[in-house]
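Written out below as structure tokens is the structure these notes cover.
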Amino acid sequence: MQDSIEKVIDLKAPVSRVWQAVTDYKEFGAWFQADLENPFVVGEVTRGVATYRGAEGVKWVATVEAMEPERLFSFRWCPYANDNEMDYSKEPTTLVEFRFEPTATGTRLVVTESGFSQLPDEAKATEALRRNTGGWNAQAGHITAYVES
Amino acid sequence: MSNPDPVPVLAALGDATRLQLVSRLAEGKSLSIAELTGGLDLTRQGVTKHLRVLERAGIVNSIRVGRESRFSYVPEPVNHACSYLENVSKQWDDALSRLQKLVES
């Protein structure tokens, strides 16, 4: 079973504009709905508080992994860290990647969040999925939908 | 945390043998270790080990019937993990549509 979510969105804006909207911490906070305190810097932690409905005031913490201008931006975070009293710093994280590709009409942005199950062996997991697609029924089948979406 | 943690459930499912065991049990019948071992390239001990992992994650239940243990599927943890992923997916959709408004305006 794979454990990632992928989103592809075509934006009618040049890559330079989309890059800025995603990697400038203030602009990021505006659309992501988080009040961030400090810029994204590779290897460093950006902190803030969530402002989206249902999660207002929850700590927002991410460690930047990569910033390749107008190509790739990625960070790690703990997606289910919703309790400010808990220490999530040793919990498993997921990797969020933003990939930027120029298109005739603007930018294709591909967002992937992976690592929900902290699989030790990705190849094995993919193989498992291939062998089991179709073998699933009812509830178990829902998860595979994410792989194909 | 208000919700049970989906990570152990997803991790328990991230193995080919365990996925096969869950697929069989998800058909609804409770099965013995002997029945579950049939058709698999594994010893009883191997299957038992995998069943214990699934049991710890709450995905299967075991009951003792006479001298043997029978295992059955508990759908809630997998359902919960699925709805957790659905929720994450929906949050990304919402966030990206706000990004779209921002950059296209």
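The values are calculated or read from the model by the stated rules, or taken from the named source; none is laboratory data. All of these numbers come straight from a predicted model, not from anything done at the bench. A quick note on method: Cβ atoms are made from the backbone with ideal geometry, for glycine too, and the neighbour counts reach across all protein chains shown.
Laid out as a table, the results:
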{"read-out": "Filter result (of a type in the set (S, T, N, Q) and at pLDDT below 85) within region B:6-30", "value": "none"}
{"read-out": "Condition met for B:Gly28 (surrounded by 14 or more Cβ atoms within 10 Å (Cβ to Cβ) and touching a residue at least 40 places away in the same chain (Cβ under 8 Å))", "value": "no"}
{"read-out": "Answer from B:Val74, B:Val103 - the residue that is surrounded by fewer than 18 Cβ atoms within 10 Å (Cβ to Cβ) and among the hydrophobic types (A, V, I, L, M, F, W, C)", "value": "B:Val74"}
{"read-out": "Pairs where the first residue, in region B:52-74, is in contact (Cβ under 8 Å) with a residue 24 or more places away in the chain and the second is hydrophobic (A, V, I, L, M, F, W, C) and part of a loop (DSSP other than H, G, I, E, B), C-beta under 8 Å, 6+ apart", "value": "B:Gly58/B:Val74; B:Ile59/B:Val74; B:Val60/B:Val74; B:Tyr73/B:Ala26; B:Tyr73/B:Ile59"}
{"read-out": "Count of residues meeting criterion [surrounded by 18 or more Cβ atoms within 10 Å (Cβ to Cβ) and more than 7 Å from chain A (Cβ to nearest Cβ)] in region B:91-100", "value": "1"}
{"read-out": "Residue in region B:69-105 that is farthest from B:Glu55 (Cα to Cα), counting only those that are under 17 Å from the mean Cα position of the chain (by Cα) and of a type in the set (Gly, Ala, Ser)", "value": "B:Ser83"}
{"read-out": "Answer from B:Val78, B:Val22, B:Val88 - the residue that is under 30 Å from A:Ala50 (Cα atoms), in contact (Cβ under 8 Å) with a residue 12 or more places away in the chain and at the interface with chain A (Cβ under 7 Å from one of its Cβ atoms)", "value": "B:Val78"}
{"read-out": "Scope region A:110-133; condition within 17 Å of the chain's Cα centre (by Cα) and either exposed (fewer than 15 other Cβ atoms within 10 Å of the Cβ) or at pLDDT 95 or above (or both); matching residues", "value": "A:Val110"}
{"read-out": "Flag for B:Leu10 being closer than 27 Å to B:Leu85 by Cβ and at the interface with chain A (Cβ under 7 Å from one of its Cβ atoms)", "value": "yes"}
{"read-out": "Complete set of residues in region A:22-49 that are of a type in the set (A, V, I, L, M) and surrounded by 19 or more Cβ atoms within 10 Å (Cβ to Cβ)", "value": "A:Val22, A:Ala34, A:Leu36"}
